[in-house]
Amino acid sequence: MSAIYILWLRELKRYTRSRAQILASLGQPMLYLLVLGFGLSPVFKRAGYGDYLQFVAPGVIGMSVLFSSIFSGLGLLWDRQFGFLKETLVAPVSRLQIMVGRTLGGATVAVIQGLLVTTISVIAGFRPTHFMALPLAMGFMVAIAIVFAALGVAIGSSLQDMQGFQLIMNFLVMPIYFLSGAMFPLVGLNRVLTIVTRLDPLSYGIDGMRSMLSAHSAFDPRLDILVLAAVGSVFIVIGAYRFSKIEI
């Protein structure tokens, strides 16, 4: 357990040490929130869905958690390149503990990122339906972070260089985000898009947060958390297996 705690703390310190990184990571969520939230609001209202800012804010929060958590796998490649990973792997602790520590560290950083974006959303005018539901929304935030931090570790464990990781992320992260319903409602879609969005695990995380924070919801929140728990378990097992195969 001490190894898990040390690696968790290291990921947290790596994030909080750079204020420039924190500010830069907030740029894209703010762009989506302010430009789309206010720019598309009149169109959204005319379509009968209400205030677009109320709809899109949970999606932008989910985006920030997704990006931050899945890119924690990039830190794994960075450690491999500069030798820190080798020092970690030769330590007298199991690789499972190392993988869990890195996953929890990346997930914690992603949740902090999500809370910062939530604060910005409230400042911009987003108003949760019930503030008492914020802890439940944070639970979905944690679930999203763990799911995609585990996926990031699995991918980072399978690659040798950072260029390959960035290439995979460009073809994986953006489709996951845009097909999650973060920008548009998941009701009334054609058959193909309906199937694809249902296969996207982020759809259930964002829908869960949206059901807690606003009146918009496409699924039962119990289904959302069950899907996230199942997918998260699978990604953790895959990530642990791939991490155990890393050669020193």
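Neighbour counts of other C-beta atoms within 10 Å: give me Phe219, Phe243, Phe148 arranged from fewest to most.
Working: Phe219 17, Phe243 22, Phe148 31.
Ranked by crowding around the Cβ, least crowded first: Phe219, Phe243, Phe148.
Which value in nm describes the separation of the simple spin-label points at Val196 and Leu26, placed 7 Å from the Cα toward the beta carbon?
3.4
Rounded to the nearest 0.05, what FRET efficiency is calculated for Leu34 and Val234 with R0 set to 35 Å and r the Cβ-Cβ distance? Provide the component values of the computation, followed by the final result.
On the way: r = 36 Å, r/R0 = 1.02.
My answer for the efficiency is 0.45.
What distance in nm lies between label points placed 7 Å from Cα along the C-beta direction at Asn170 and Trp78?
Computed distance between label sites Asn170 and Trp78 equals 2.0 nm.
Where does each of Met169, Met63 land when they are ranked from fewest to most other beta-carbon atoms within 10 angstrom?
Values: Met169 18, Met63 28.
Ordered from fewest to most neighbouring Cβ atoms within 10 Å, Met169, Met63 come out as Met169, Met63.
First check a/c for segment 162-240, with a ≥ b ≥ c the square roots of the eigenvalues of its C-alpha gyration tensor; if it is under 1.5, answer rounded, and if not, answer prolate when a/b is larger than b/c or oblate otherwise. Please list the in-between numbers first.
Values: a/c = 2.05, a/b = 1.38, b/c = 1.49.
It comes out oblate by the Cα gyration axes.
Would you kindly state how much longer the chain becomes between Arg222 and Met162 on full extension, computed as 0.36 nm times their sequence separation minus their alpha carbon distance, in nm to one decimal? Before the final figure, lay out each step's value.
On the way: separation 60, 0.36 × 60 = 21.60 nm, distance 3.73 nm.
17.9 nm is the gain from fully extending Arg222 to Met162.
Using the Karplus equation 6.51 cos²θ - 1.76 cosθ + 1.60 (θ = phi - 60°), what ³J(HN,Hα) coupling, rounded to whole Hz, does each residue of segment 151-160 give in order, writing x for Gly and Pro?
Ordered by residue, 3J(HN,Hα) equals 5, x, 5, 4, 5, x, 6, 9, 10, 10 Hz.
If we count other beta carbons within 10 Å of each Cβ, what is the order of Val65, Val122, fewest first?
Working: Val65 33, Val122 13.
Exposure proxy ranking, most exposed first: Val122, Val65.
What number comes out for the charge environment of Leu189, summing +1 per Lys or Arg and -1 per Asp or Glu over other residues with Cβ under 13 Å away?
Working: positive: Arg191, Arg198; negative: Asp200.
Result for the neighbourhood of Leu189: +1.
Readers should treat all values here as calculations from the given coordinates under stated rules, not as data from a laboratory. Worth saying up front: this structure is predicted, and the values here are computed from it rather than measured. For neighbour counting, all protein chains shown are included, and Cβ atoms are generated from backbone atoms with ideal geometry for every residue, glycine included.
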